[in-house]
Amino acid sequence: MHTQRMAVNVSVLALLTLAACGTESGSGSGSGDGSDTVQSDVPVTGVAWSVDSLTVGGKKTEAPAGSRLEIDPKGRAKAGFGCNHIGADARVEGDRITFGKPVSTQMACDETTEKAEKAALAAMDGEVTAKLSGEKLTLTTEGGDTIALSEEKPAGLVGTRWAVNTLLSGETATSVPADLPKERVPHLTFGKDGTVHGNSGCNSFHGKAAVKGSTIDFGPPAGTRKMCPEAEMEVERAVLAALDGPATYTIKGSTLTVTSKDGKGIGATAAPAESEGTQEHG
């Protein structure tokens, strides 16, 4: 089980730090009066994008549920399709985005996810043209391959079932094993009464979770005390370490990140409402 996980040092993915976009003189032609034409960047950075589909070599691949892409204002792109983490540097100039060579973890994934990841790696390598239409974004390579995306609206912290897919420790991000039994996939839900409940990877748990601004103060959790295979227990220890005492949280689209004061944290994705409660037992 351990061989199916590979930690990614975030510093490997954070390849470039760029100046702020959209305020510098562009490469457009001069007006003849000594001034330069300002080239405004397509507003794609700092937005959580849901990946709808990828078309590579004329073959369209529907993206797995929860697939997403984000380019931060500092020039780092991150993508995920429910298994591996993909990262690359990304320079935005006008309607062009230039991706550096993408870097990916090497976990074994199901066939559908693997196909989507391969298509993304092919499309996220080199220069693409960005076309924004309302809340829809299309990235097109010089060869005609495309990534179709939609802007994600932030999910609500309270009442949403958050499925944990990433474990954080300082600058290291590790994927939760994709082959965990369904009833052992860690998840959590925050209640309006200042509580949190869910499954930490082996056992069900519940506890206090006082939300104030961008912080959550977790109380000591209570729950079942079953023993599971070591890989599941390892995930559980990491999840509970993140939900211990005061922590900060951010929500971008359907993704929640919780980070405790000692750098332990989790990344989670909003799950469909109908799946709420299906993993509380077992």
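The values are calculated or read from the model by the stated rules, or taken from the named source; none is laboratory data. Since this is a predicted model, take the numbers as computed values, not measurements. No Cβ is skipped: glycine too gets one built from the backbone with ideal geometry, and neighbour counts run over all protein chains shown. For the accessible areas, the whole protein counts, side chains as well, though only heavy atoms, and no ligand, DNA or RNA atoms are used. Shrake-Rupley method; radii C 1.70, N 1.55, O 1.52, S 1.80 Å.
A few notes on this one:
- Of all the listed residues (Gly265, Gly207), the sole one being touching a Leu at 6+ places or on another chain (Cβ under 6 Å) and either surrounded by fewer than 17 Cβ atoms within 10 Å (Cβ to Cβ) or assigned to a strand (DSSP E or B) (or both) is Gly265.
- Restricting attention to region 268-282 and to residues that are hydrophobic (A, V, I, L, M, F, W, C) and modelled with pLDDT under 90, the residue that is surrounded by the fewest Cβ atoms within 10 Å (Cβ to Cβ) turns out to be Ala273.
- Test result for Glu114, assigned to a strand (DSSP E or B) and open to solvent by 40 Å² or more (accessible area, probe 1.4 Å): no
- For region 180-195, a residue qualifies if it is touching a helix residue (DSSP H, G or I) at 6+ places or on another chain (Cβ under 7 Å) and assigned to a loop (DSSP other than H, G, I, E, B), and the qualifying residues are Leu180, Pro186.
- The set of residues in region 146-159 that are surrounded by 21 or more Cβ atoms within 10 Å (Cβ to Cβ) and touching a helix residue (DSSP H, G or I) at 6+ places or on another chain (Cβ under 8 Å) contains only Ile147.
- Restricting attention to region 133-145, the residues that are open to solvent by 10 Å² or more (accessible area, probe 1.4 Å), within 22 Å of the chain's Cα centre (by Cα) and either closer than 21 Å to Asn84 by Cα or modelled with pLDDT of 90 or more (or both) add up to 3.
- Inspection of region 126-145 finds no residue satisfying the criterion of being under 30 Å from Arg184 (Cβ atoms), among the basic types (Lys, Arg) and either touching a residue at least 12 places away in the same chain (Cβ under 8 Å) or assigned to a loop (DSSP other than H, G, I, E, B) (or both).
- Residue count for region 131-153 satisfying the condition of being closer than 15 Å to Asp95 by Cβ and either among the hydroxyl-bearing types (Ser, Thr, Tyr) or touching a Gly at 6+ places or on another chain (Cβ under 9 Å) (or both): 6.
- Here Arg225 meets each of (1) within 30 Å of Glu111 (Cα to Cα); (2) open to solvent by 10 Å² or more (accessible area, probe 1.4 Å) with one exception, condition (1).
- Among residues of region 70-85 being touching a helix residue (DSSP H, G or I) at 6+ places or on another chain (Cβ under 8 Å) and within 14 Å of Leu149 (Cβ to Cβ), the one that is surrounded by the fewest Cβ atoms within 10 Å (Cβ to Cβ) is Lys78.
- Selection within region 95-112: residues that are more than 17 Å from the chain's Cα centre (by Cα) and of a type in the set (S, T, N, Q). The member of this set that is modelled with the lowest pLDDT is Thr112.
- Every condition in (1) aliphatic (A, V, I, L, M); (2) in a loop (DSSP other than H, G, I, E, B); (3) open to solvent by 20 Å² or more (accessible area, probe 1.4 Å) holds for Leu168 except the one numbered (2).
- On the stretch given as region 75-114, residues that are touching a Ser or Thr at 6+ places or on another chain (Cβ under 6 Å) and closer than 17 Å to Ser50 by Cα total 6.
- In the set (1) closer than 24 Å to Lys264 by Cα; (2) open to solvent by less than 50 Å² (accessible area, probe 1.4 Å); (3) modelled with pLDDT of 90 or more, Val185 fails one condition alone, (3).
- The condition of being closer than 24 Å to Asp193 by Cβ and either among the β-branched types (Val, Ile, Thr) or modelled with pLDDT under 90 (or both) does not hold for Ala242.
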